[in-house]
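Trainee: Before I ask anything, here is the structure I am working with.
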Ligand SMILES: Nc1ncnc2c1ncn2[C@@H]1O[C@H](COP(=O)(O)OP(=O)(O)OP(=O)(O)O)[C@@H](O)[C@H]1O
Ligand SMILES: [Mg+2]
């Protein structure tokens with residue numbers, strides 16, 4: 001039986017000095033999450049890209065005898081589909097990280113409540129969580145791009161680097177609305193909805209596997225609302241080196257505004273759930 | 001350390017806390033005793049800066065939770081009613097990540113973890129997953145976690161609810177040591193024995209109001225007699241028999257399963273009952289407790 005010892009160094013606990021300082025205090029939390037989940041991540045990060053490239057790019061692509069003129073400047077179907085798969089991969093990571101895990105932190109284990117009992121605020125929690133998913137997506141998409149590079153589907157190094165960095169924006173444009181959704185729902189049943197009516201149609205009809213022009217004039221306009229189309233088109237322009245600066249600006253603005261608005265709303269929603 | 005004046009909390013048109021005045025001095029163990037729904041947790045959450053008051057004034061360390069929440073929280077330890085441990089992390093990591101939230105250097109957090117694990121007797125469980133701990137161990141881990149920032153005030157919302165008697169005693173012992181080390185304790189409970197054992201000062205809360213305030217002993221002296229004679233008759237007879245014995249005691253309470261006769265000499269009451277040719281199935285003389293205080297003040301029992 002020992003008494004309560006409060007010996008040793010006694011740094012005073014403090015409130016964080018700013019938004020970033022507060023989020024950085026959660027760095028070790030996210031590293032423990034990594035330590036516990038990296039094994040599962042190895043498969044999705046390193047093996048899944050090979051499967052996709054092989055199945056869709058090489059095997060399916062072998063059947064696709066499309067005229068390069070219809071492939072938005074790509075010389076082969078693989079070169080066309082590669083950037084689409086990378087952007088879709090970033091989106092998948094956002095869905096994976098901000099659905100069930102968020103529900104767990106909010107409802108099952110309630111660890112958001114423990115965080116809010118410390119000097120940290122919802123804005124710190126959200127920044128740390130989104131910062132983490134950006135790092136994760138950049139790593140995973142980086143690996144994906146390296147795999148694809150081996151197939152010689154990219155035009156310039158600078159283009160690939162830019163396409164890589166753009167995935168940070170793509171993942172945020174999905175992570176923020178998905179986080180907002182996860183914080184707004186009562187139970188996890190609703191996740192089936194956004195996977196089936198959100199993620200899957202987005203993956204299929206956002207110009208990932210075929211140009212949205214193929215959808216016909218009306219559906220093409222609908223597809224343009226999809227954040228994934230903006231992400232795919234932006235990534236594709238960069239990897240193919242076919243830059244239309246006006247479109248680049250539109251894509252970046254669309255994704256940026258979407259991310260910023262949903263980020264702000266997510267902080268408010270988290271505060272509403274935790275502080276009552 | 002804490003002062004509240006006319007503090008209120010409403011959820012929609014429901015008032016959970018209806019204007020309470022409290023003042024907690026450094027170093028005391030201050031208790032909130034009350035039944036389910038009394039407003040204890042609502043009050044704790046306001047003090048912990050995670051629930052904005054709906055009215056009245058609240059100061060913690062002299063600061064306003066609405067303005068200086070993070071500064072206050074840096075100096076508080078919080079042990080919430082429902083566990084908020086990360087069950088996927090092990091015991092050690094739960095403490096480690098939490099210490100970092102307070103801006104403490106890594107090495108220092110590690111040193112404190114060793115001390116705290118020792119203090120709550122979980123050293124040999126350091127690498128165990130939280131999922132594998134018993135209820136009592138989880139509670140002790142939560143207490144250890146709440147101490148990682150060496151708080152000046154430790155807030156404990158029902159620290160032993162749901163634990164078996166042995167696990168409760170271990171926790172009481174740890175809290176007692178914290179009290180001796182000078183940590184101000186703020187705890188809620190609906191166990192009168194817990195309040196009597198741990199609290200220097202307490203308020204009795206019911207339906208959002210404070211109905212009494214004092215030391216455990218003082219409250220008993222003020223609101224009850226020294227002893228209580230408990231009489232148990234056949235089922236359903238208590239109401240009718242109450243009239244025949246009520247003149248024998250200073251006060252009488254009729255419960256569904258027994259009569260409580262309040263008197264400074266319980267044995268004498270029992271003798272007098274027998275001399276009236278009444279034969280209770282069982283009798284018991286005991287000292288008055290906070291349960292009796294609560295019953296007297298509200299007409300209801302604490303734990304139903
Ligand atoms: N977020 C909330 N929204 C609506 N009502 C609430 C909320 N939190 C608490 N209440 C209500 O306020 C009242 C007081 O609740 P509180 O949790 O403070 O009681 P308590 O004394 O801690 O009870 P217990 O012993 O059950 O923990 C209850 O009737 C409860 O239903
Ligand atoms: Mg409660």
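We did not get these values from a lab; they are worked out from the coordinates using the rules stated. From a predicted model like this one, the values you see are computed outputs, not experimental measurements. Heads up, the Cβs are rebuilt from the backbone with ideal geometry, glycines too, and the neighbour counts pull from every protein chain shown.
Trainee: Please report the relative contact order for chain A, taking Cα pairs under 8 Å with a sequence separation of at least 6, and give it as a percent rounded to a whole number. Each step should come with its number before you reach the end.
Mentor: Working: 293 pairs, mean separation 71.6, N = 276.
Worked out over chain A, it gives 26 percent.
Trainee: Follow-up. Report the calculated FRET efficiency for residue B:271 and residue B:235 (r = Cβ-Cβ distance, R0 = 30 Å), to the nearest 0.05.
Mentor: Details: r = 25 Å, r/R0 = 0.83.
E between residue B:271 and residue B:235, to the nearest 0.05, is 0.75.
Trainee: For chain B, modelled as a GNM with alpha-carbon contacts under 10 angstrom, which of B:164, B:292, B:277 fluctuates the most?
Mentor: Sorting by GNM fluctuation, first place goes to B:277.
Trainee: Report relative contact order for chain B in percent, whole number only (criteria: Cα-Cα under 8 Å, sequence separation at least 6).
Mentor: On the way: 579 pairs, mean separation 59.8, N = 304.
Taking the mean separation of contacting Cα pairs over the length of chain B, I get 20 percent.
Trainee: Let me ask something additional. Have a look at the DSSP beta bridges in the protein assembly as shown and tell me what percent are antiparallel, nearest 5. The partial results should precede the final answer.
Mentor: On the way: 35 of 53 bridges.
Beta bridges within the protein assembly as shown, antiparallel portion: roughly 65 percent.
Trainee: Another question, if that's okay. Springs between alpha-carbon atoms under 10 Å, Gaussian network over chain B: tell me which of B:125, B:67, B:138 tops the mean-square fluctuations.
Mentor: B:67
Trainee: May I pose another question? Can you give me the distance in nm between label points at residue B:129 and residue B:278, each placed 7 Å from the Cα along the Cα-to-Cβ direction?
Mentor: If labels sit at residue B:129 and residue B:278, their model points lie 5.9 nm apart.
Trainee: Next up: With the crude spin-label approximation of a point 7 Å out along Cα→Cβ, what separation in nm comes out for residue A:157 versus residue B:82?
Mentor: If labels sit at residue A:157 and residue B:82, their model points lie 5.4 nm apart.
Trainee: Quick one: angle between helix A:157-184 and the longest Cα principal axis of chain A, in degrees between 0 and 90, rounded to 10, please.
Mentor: Tilt of helix A:157-184: around 50 degrees.
Trainee: Springs between alpha-carbon pairs under 10 angstrom, Gaussian network model over chain B: which of B:61, B:11, B:294 fluctuates most?
Mentor: Looking only at B:61, B:11, B:294, the biggest GNM fluctuation is shown by B:11.
Trainee: What does the extension gain come out to for residue B:28 and residue B:13, with contour length at 0.36 nm per residue minus their alpha carbon separation?
Mentor: Values: separation 15, 0.36 × 15 = 5.40 nm, distance 3.45 nm.
Full extension from residue B:28 to residue B:13 adds 2.0 nm.
Trainee: Based solely on its DSSP helices, what 222 nm [θ] is calculated for the protein assembly as shown when runs of n ≥ 4 H residues each add -39,500 (n - 2.57) and the sum is averaged over all residues, nearest 500 deg cm²/dmol?
Mentor: Details: 24 runs with 290 residues, N = 580.
For the protein assembly as shown, the value works out to -15500 deg cm²/dmol.
Trainee: Report the gain in length on full extension from residue A:149 to residue A:67: 0.36 nm times residue separation, minus Cα-Cα distance, nm rounded to one decimal.
Mentor: Working: separation 82, 0.36 × 82 = 29.52 nm, distance 2.24 nm.
Here the segment from residue A:149 to residue A:67 would lengthen by 27.3 nm.
Trainee: Going 7 Å from the Cα of residue B:36 toward and past its Cβ, which residues in region B:195-212 have a backbone nitrogen under 17 Å from where you end up?
Mentor: Residues B:206-208 qualify, since their backbone N sits under 17 Å from the label point.
Trainee: Please compute, for peptide B:73-80, the average count of beta-carbon atoms on other protein chains lying within 10 Å of each residue's beta-carbon.
Mentor: The shielding value for this peptide is 5.
Trainee: Taking 0.36 nm per intervening residue step and subtracting the Cα-Cα distance, what contour gain separates residue A:55 from residue A:31 on full extension? Please report the intermediate quantities before stating the final value.
Mentor: Details: separation 24, 0.36 × 24 = 8.64 nm, distance 3.34 nm.
Extra length available between residue A:55 and residue A:31 comes to 5.3 nm.
Trainee: Treat the count of other C-beta atoms within 10 Å as a stand-in for reagent exposure and order B:298, A:70, A:239 from fewest to most.
Mentor: On the way: B:298 19, A:70 12, A:239 28.
Neighbour counts put them in this order, fewest first: A:70, B:298, A:239.
Trainee: A follow-up question, please. At 7 Å along Cα-to-Cβ for each site, give me the label-to-label distance between residue B:108 and residue A:20 in nm.
Mentor: 2.3
Trainee: Compute the helix-to-body angle for A:122-149: its Cα long axis versus the longest principal axis of chain A, expressed 0 to 90° and rounded to tens.
Mentor: Compared with the principal axis, the helix lies near 30 degrees.
Trainee: Report the equivalent ellipsoid semi-axes for the protein assembly as shown in whole Å, largest first, defined as the square roots of five times the eigenvalues of the gyration tensor built from alpha carbon atoms.
Mentor: Working: eigenvalues 786, 120, 86 Å².
Semi-axis lengths for the protein assembly as shown are 63, 24, 21 Å.
Trainee: Place a point 7 Å from Cα of residue A:242 in the direction of its Cβ. Which residues in region A:198-218 have their backbone N less than 17 Å from it?
Mentor: Only A:206-216 pass the distance filter.
Trainee: With angles folded into 0 to 90 degrees, how steeply does helix B:106-119 sit against the dominant principal axis of chain B? Use alpha carbons for both and round to 10.
Mentor: 30
Trainee: Would you please put A:224-230, B:37-43 in order of how densely packed they are, using the mean number of other Cβ atoms within 10 angstrom per residue and starting with the highest? Working shown, then result.
Mentor: Working: A:224-230: 19.7, B:37-43: 22.7.
Ranking, from highest mean packing down: B:37-43, A:224-230.
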